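A short worksheet on the structure shown next.
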Amino acid sequence: MDRVEILKTYKIYIGGAFPRTESGRHYTPLNSKGDPLGNLCLSSRKDVRNAVVAARKAFGSWSERSAFNRGQIIYRIAEMLEGRKEQFISELQKQGSSKAEAEKEVILAIDRIVYYAGWCDKYNQVLSAVNPVSSAHFNFSTYESMGVIGVLAPQATSLIGLVSLLIPAICSGNTAVLIASEKLPLCAITFAEVLNSSDVPGGVVNILTGTLDELAPGLAAHMDVNAFISEPLGSMEIGIAQAAVDNLKRKFSYEADWSSEKSQGLYYISDCLELKTTWHPIENIGGSTSSY
Amino acid sequence: MAKKKPGKEGVNWDYSPSLESTSHITILPKYELFINNEWVKPSSKKYFKTTNPANEDVLSEIAWANDYDVDLAVKAARNAYNDVWSKTTPKERSKYIYRIARLMQEHARELSVIETLDAGKPIRESRDIDVPLACNHFFYYAGWADKLEYAFPNQPMEALGVAGQIIPWNFPLLMAAWKIAPALAAGNCVVLKPAETTSLTALKLAEIIKASGLPPGVVNIITGHGDTGAAIVNHPDINKIAFTGSTNVGKIIQRAIAGTGKKATLELGGKSANIIFDDAPIDQAVEGIVNGIFFNQGHVCCAGSRLFVQENIAELVIRKLKHRMDSLYLGNPLDKNTDIGAINSKEQLETIEKYIKIGISEGAEIYQSTCELPGKGYFCRPTIFTNVAQSSRISQEEIFGPVLSIQTFRTVDEVIQKANNSPYGLAAGVWTDKGSRIFNLTSKLRAGVIWANTYNKFDPTSPFGGYKESGFGREGGLHGLGAYLKMKL
């Protein structure tokens with residue numbers, strides 16, 4: 001007799017834990033052949049708010065970690081993903097990818113995470129400036145993490161899209177609330193398990209599944225979310241952009257082929273940063289100069 | 001100059017008035033719109049008066065642009081962009097901007113006097129701060145025009161096209177420079193609208209731009225009220241909106257351009273914290289408090305309008321602050337002795353007076369300078385409130401006038417929390433002799449500009465702009481260029 005397979009229960013990820021949606025609802029996305037992918041949490045606006053609270057709580061200590069330490073942790077995500085490659089490949093196949101496509105997507109995701117791990121302790125050196133002001137002041141501008149970032153995972157991919165938007169947002173010390181691809185949500189939740197075992201502190205990334213229509217406007221309007229990043233949203237674009245106005249959320253839409261090697265870079269990180277300029281007087285007494 | 005009462009000793013220490021001459025300036029009785037390097041009558045046929053807020057005299061009549069005029073200006077900018085400016089080499093672009101900078105320097109005195117007449121700010125400030133900084137801004141960005149590829153590593157980019165720029169009345173010429181100089185350096189054409197109470201120096205700048213030989217249509221300066229600004233924001237052929245002003249209007253703009261693909265930089269309001277620790281050099285800190293809140297009559301988006309004093313020195317600091325306030329000269333802005341000039345407009349004076357009443361009714365303790373007010377014009381005494389609650393409206397809302405709310409604190413953690421407890425995040429000041437504490441605070445204060453042991457310093461090379469609801473994007477410095485470039489990533 002064949003063994004009865006243990007099916008996975010896909011839950012959401014908030015504050016480092018895997019609760020079910022508070023609404024108790026589920027939905028069953030189908031793959032292109034019409035097979036059910038599983039029963040996914042149909043998260044509610046209340047789940048969005050809970051996730052934002054968790055993300056805000058995690059922001060202080062995550063943003064104050066050393067850049068080196070964040071780099072180590074992001075690299076650890078890649079290590080964990082590498083170890084669970086087969087699981088992601090089979091999930092991608094279940095969601096409609098061919099074996100070759102699935103392998104390519106997972107490998108690119110791992111490499112992209114390593115790429116951003118390396119940026120953690122470098123972007124500020126590349127982007128900062130000492131500004132030669134005319135008065136007797138030392139003046140410099142450096143980037144700081146922005147806060148809580150709302151991330152709408154690209155819809156057409158299950159893994160590489162979310163990695164491409166999420167990792168540059170968090171590698172600089174931001175925390176995130178991510179809404180998974182509505183029709184291809186499986187890898188998002190399995191990726192949460194990877195994060196959970198990678199020393200990424202609970203609350204740094206929070207992942208919800210459900211419908212875009214229900215979740216995206218609430219996340220875009222939330223007064224404690226600092227930025228909202230996504231693909232271009234088509235007919236939803238204006239509504240989402242207007243929802244983001246009340247706390248002057250920074251909003252970025254990226255049009256890119258996420259499966260391209262080129263769809264990564266420094267500016268995905270810097271968009272979700274704030275530039276801070278600091279002035280301090282230079283004591284200038286007496287007439288001595290630095291000439292030898 | 002309003003005379004001060006003799007001091008307790010019975011000796012009158014007043015300076016003799018030292019008025020800047022207005023003889024060498026030209027203000028036309030009427031100004032038209034500056035489109036395509038020509039002076040164009042507004043199709044609205046309407047004009048509005050601009051007055052000197054220090055004596056309520058009418059200075060000139062200014063054209064009021066309507067939708068049609070805005071469209072004309074945008075078309076001029078678009079044609080100039082397509083036919084001329086986008087084909088001008090960066091090197092030549094650079095030289096045009098240098099020319100504007102030099103011509104502005106040559107007109108510095110005229111620009112300062114007109115700025116003081118039209119805006120009410122003390123001549124010392126327009127002469128020593130506004131106008132030189134405005135010139136220097138053009139100088140700084142002129143040199144960037146042919147070096148853009150060094151600004152953002154590995155980033156292919158191009159100009160945006162036509163930028164619509166709307167500026168406020170607190171630093172009229174300086175804000176025009178902040179907007180126009182980087183836009184031109186990055187290769188854009190512009191349509192700029194000055195604030196309705198302070199159009200004159202922007203129109204003088206238009207004369208300078210015409211004299212510089214800049215190709216027609218590259219810079220268009222159109223005047224008017226809020227409806228003119230709205231027509232710019234909503235014009236479909238504008239690629240970028242740059243706005244400096246209130247957070248409320250900033251949100252209206254962001255809502256209006258949602259989903260249009262227009263890029264925006266918003267430099268909005270603030271309620272910036274100025275924090276004094278007990279080891280700070282007290283006399284310097286008191287000067288910093290005065291400079292933070294009374295500079296330009298407090299019409300400064302980054303004004304240090306929330307003072308946090310460590311509890312054990314609060315009494316001393318407040319006593320010295322009151323003493324210093326009593327020695328500030330309030331009066332004719334053209335007098336070189338004047339520290340505090342006129343409030344920019346009657347409307348703004350009413351807003352400030354409303355907030356002073358709110359402060360009193362909320363139970364805060366008020367102290368105002370003892371100076372007399374001139375009989376005419378819009379003036380407001382330097383004002384401080386003590387015993388202010390964190391939840392008080394005068395410590396939460398931007399007043400944009402010479403009104404300071406003072407709170408005390410005991411620990412570093414407490415003051416960080418209080419300072420960050422604001423929807424704004426434009427600037428902050430920290431006064432302490434301890435370097436490690438400065439770096440602790442400057443990295444934890446959520447604001448775009450931090451002044452440590454100084455306040456209200458500006459420079460063309462120094463990026464300026466806020467966190468949170470103080471807006472987004474930066475102006476000034478290398479980073480200010482990014483606001484006017486399309487990054488291809």
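The values are calculated or read from the model by the stated rules, or taken from the named source; none is laboratory data. Fair warning: this is a prediction, and the values are worked out from it, not measured in the lab. Here the Cβ is made from the backbone with ideal geometry for all residues, glycine too, and neighbour counts use every protein chain on show.
Of everything in the range A:263-292, what is more than 29 Å from A:L127 (Cα to Cα) and of a type in the set (F, W, Y)? Give them in sequence order.
Once the filter is applied, which keeps residues that are more than 29 Å from A:L127 (Cα to Cα) and of a type in the set (F, W, Y), the range A:263-292 yields only A:Y292.
Can you tell me which residue within the range A:1-13, out of those that are more than 21 Å from A:F88 (Cα to Cα) and not charged (D, E, K, R), is surrounded by the most Cβ atoms within 10 Å (Cβ to Cβ)?
Here the residue is A:V4.
Would you say B:A230 is free of Cβ contacts under 8 Å to residues at least 40 places away in the same chain and away from every other protein chain (no Cβ under 14 Å)?
For B:A230, the condition - free of Cβ contacts under 8 Å to residues at least 40 places away in the same chain and away from every other protein chain (no Cβ under 14 Å) - is met.
Restricting to the range A:272-292, what's the tally of residues that are more than 10 Å from chain B (Cβ to nearest Cβ) and either hydroxyl-bearing (S, T, Y) or surrounded by 19 or more Cβ atoms within 10 Å (Cβ to Cβ) (or both)?
7
Quickly run through the range B:423-440 and pick out the residues that are surrounded by 23 or more Cβ atoms within 10 Å (Cβ to Cβ), more than 9 Å from chain A (Cβ to nearest Cβ) and not in a strand (DSSP E or B).
Across the range B:423-440, the qualifying residues are B:Y424, B:L426.
Output the qualifying pairs, or none if there are none: Cβ atoms under 8 angstrom, residues six or more apart or on different chains, first residue in the range A:132-151 and within 7 Å of another protein chain (Cβ to nearest Cβ), second residue surrounded by fewer than 18 Cβ atoms within 10 Å (Cβ to Cβ) and hydroxyl-bearing (S, T, Y).
Short answer, once both residue conditions are applied: A:S141/A:S128.
Can you give me the number of residues within the range B:245-274 that are within 14 Å of chain A (Cβ to nearest Cβ) and either within 13 Å of B:G429 (Cα to Cα) or outside any helix (DSSP H, G or I) (or both)?
Going through the range B:245-274 one residue at a time, the tally reaches 18.
Of everything in the range B:441-463 that's more than 7 Å from chain A (Cβ to nearest Cβ) and aromatic (F, W, Y), which residue is surrounded by the most Cβ atoms within 10 Å (Cβ to Cβ)?
That would be B:Y455.
Which residue, of A:I269, A:I240, is farther than 26 Å from A:K104 by Cα, more than 7 Å from chain B (Cβ to nearest Cβ), part of a helix (DSSP H, G or I) and among the β-branched types (V, I, T)?
None of the other options fit; the residue is A:I240.
So how many residues does the range B:455-478 have that are touching a Ser or Thr at 6+ places or on another chain (Cβ under 7 Å) and part of a loop (DSSP other than H, G, I, E, B)?
6
Given the criteria at the interface with chain A (Cβ under 10 Å from one of its Cβ atoms), more than 19 Å from the chain's Cα centre (by Cα) and buried (at least 20 other Cβ atoms within 10 Å of the Cβ), does B:G482 qualify?
Criteria met by B:G482.
Somewhere in the range B:151-173, is a residue buried (at least 23 other Cβ atoms within 10 Å of the Cβ), away from every other protein chain (no Cβ under 14 Å) and assigned to a helix (DSSP H, G or I)?
Within the range B:151-173, one or more residues are buried (at least 23 other Cβ atoms within 10 Å of the Cβ), away from every other protein chain (no Cβ under 14 Å) and assigned to a helix (DSSP H, G or I).
So A:K262 fits all but one of (1) surrounded by fewer than 18 Cβ atoms within 10 Å (Cβ to Cβ); (2) modelled with pLDDT of 95 or more; (3) within 14 Å of chain B (Cβ to nearest Cβ); what number is the exception?
Here A:K262 meets the rest and fails (2).
Does the range B:16-66 hold any residues that are touching a Lys or Arg at 6+ places or on another chain (Cβ under 8 Å), in a loop (DSSP other than H, G, I, E, B), closer than 20 Å to B:T228 by Cβ and among the charged types (D, E, K, R), and which are they?
B:E32
Collect the residues in the range A:243-259 that are surrounded by fewer than 18 Cβ atoms within 10 Å (Cβ to Cβ), more than 10 Å from every other protein chain (Cβ to nearest Cβ) and in a loop (DSSP other than H, G, I, E, B), keeping them in residue-number order.
The answer is A:D257, A:S259.
For the range B:26-36, which residues satisfy the criterion of being buried (at least 17 other Cβ atoms within 10 Å of the Cβ) and not polar (S, T, N, Q)?
Result: B:I27, B:Y31, B:E32, B:L33, B:F34, B:I35.
Can you tell me which residue is farthest from B:P333 (Cα to Cα) among those in the range B:37-80 that are buried (at least 21 other Cβ atoms within 10 Å of the Cβ) and small (G, A, S)?
If we take residues in the range B:37-80 being buried (at least 21 other Cβ atoms within 10 Å of the Cβ) and small (G, A, S), then B:A80 is farthest from B:P333 (Cα to Cα).
Quick check on my filter: what residues within the range A:73-111 are of a type in the set (D, E) and over 21 Å from the mean Cα position of the chain (by Cα)?
Answer for the range A:73-111, where residues must be of a type in the set (D, E) and over 21 Å from the mean Cα position of the chain (by Cα): A:E86, A:E101, A:E103.
Taking the condition of being in a loop (DSSP other than H, G, I, E, B), touching a Lys or Arg at 6+ places or on another chain (Cβ under 9 Å) and surrounded by fewer than 20 Cβ atoms within 10 Å (Cβ to Cβ), how many residues in the range B:108-148 meet it?
Going through the range B:108-148 one residue at a time, the tally reaches 1.
Go through B:K357, B:K320 for me and flag whichever is more than 20 Å from B:A273 (Cα to Cα) and assigned to a helix (DSSP H, G or I).
None of the other options fit; the residue is B:K357.
Just wondering, is there one or more residues in the range B:465-478 that are of a type in the set (A, V, I, L, M), in contact with a strand residue (DSSP E or B) (Cβ under 8 Å, 6 or more places away or on another chain) and assigned by TED's automatic domain parsing to the domain that holds B:A364?
No, because not a single residue in the range B:465-478 is of a type in the set (A, V, I, L, M), in contact with a strand residue (DSSP E or B) (Cβ under 8 Å, 6 or more places away or on another chain) and assigned by TED's automatic domain parsing to the domain that holds B:A364.
Could you please find all residues in the range A:207-238 being without any contact (Cβ under 8 Å) to a residue 60 or more places away in the chain, surrounded by fewer than 21 Cβ atoms within 10 Å (Cβ to Cβ) and of a type in the set (A, V, I, L, M)?
Once the filter is applied, which keeps residues that are without any contact (Cβ under 8 Å) to a residue 60 or more places away in the chain, surrounded by fewer than 21 Cβ atoms within 10 Å (Cβ to Cβ) and of a type in the set (A, V, I, L, M), the range A:207-238 yields A:M223, A:M236, A:I238.
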